[in-house]
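Visitor: Sharing a structure with you now.
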Amino acid sequence: MYKKWFAVDVTEGRAIATGIGAVLAPWVSLIYGDGRLIPILLLIIVIGLDWVTGISAAKKDTVFSSEYDLKQGVPRTIFLLSLPALANLLDSMLGVPGLLFYGITLGIIYHTWQSLTANAYRAGWEKWIPKSVIEHIDSELQAKVERATKRSGSRDTNSEADHASKTESTTDKRNPNHD
């Protein structure tokens, strides 16, 4: 089913991946700068995971809306992918070797990681998230629960009471003077 060229197994999957890479890599290099494929791939993966966990959490919270996904999610994703390109242009203009690009890209990756972790928690996947990470994303988690509650228009008292007690216990561990 495959041919051997130069002692490399060329399978259909590898050929497709190579073709995609051959088309995309020059564009990534042109838009984001030379040698920046890895940070951009990481950013794309984190944004993709944020979409997956966000949709799962919204379906669990019963606030899923395809209108919200398409009308706000796609432009937001385009905006997030545009910021590193803008930073690359600023780096070129100022003559700095990637300072703004890496700062902005890593900042977006970090913020999106917090969002996807909070979404995973809301989706019911908290058993796979270490408690220290949950404590770290506590404010993001609270904000997402409040937004979901506002969008649904009705409160699910059991799941929110559950979340509130978990959130208070993690907050109390970090700050013993918390009221």
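Visitor: Using the Cα atoms as the points, what is the convex hull volume per residue of region 77-133 in Å³?
Guide: 75 Å³
Visitor: Spelling out what I want: for every residue of region 113-127, take phi, set θ = phi - 60°, compute 6.51 cos²θ - 1.76 cosθ + 1.60 (Karplus), and round to whole Hz; glycine and proline get x.
Guide: Per residue, the Karplus-derived 3J(HN,Hα) values read 4, 4, 5, 5, 5, 5, 5, 4, 4, 5, 6, x, 9, 5, 5 Hz.
Visitor: Run the numbers for residue 55 and residue 94: contour at 0.36 nm per residue of separation, minus the present Cα-Cα distance, in nm.
Guide: Fully extending the segment from residue 55 to residue 94 adds 10.1 nm.
Visitor: Scale the Cα Rg of region 1-146 by the rule-of-thumb value 2.2 N^0.38 Å and send over the ratio, two decimals.
Guide: Dividing the Cα radius of gyration by 2.2 N^0.38 Å gives 1.29.
Visitor: Continuing with the same structure: With an 8 Å Cα cut-off and a minimum separation of 6 or more residues, compute the relative contact order for region 10-104 in percent.
Guide: After rounding, I find 22 percent.
None of the figures in this text is laboratory data; all of them are computed from the coordinates on show. Small disclaimer: the values here were computed from a predicted structure and weren't measured.
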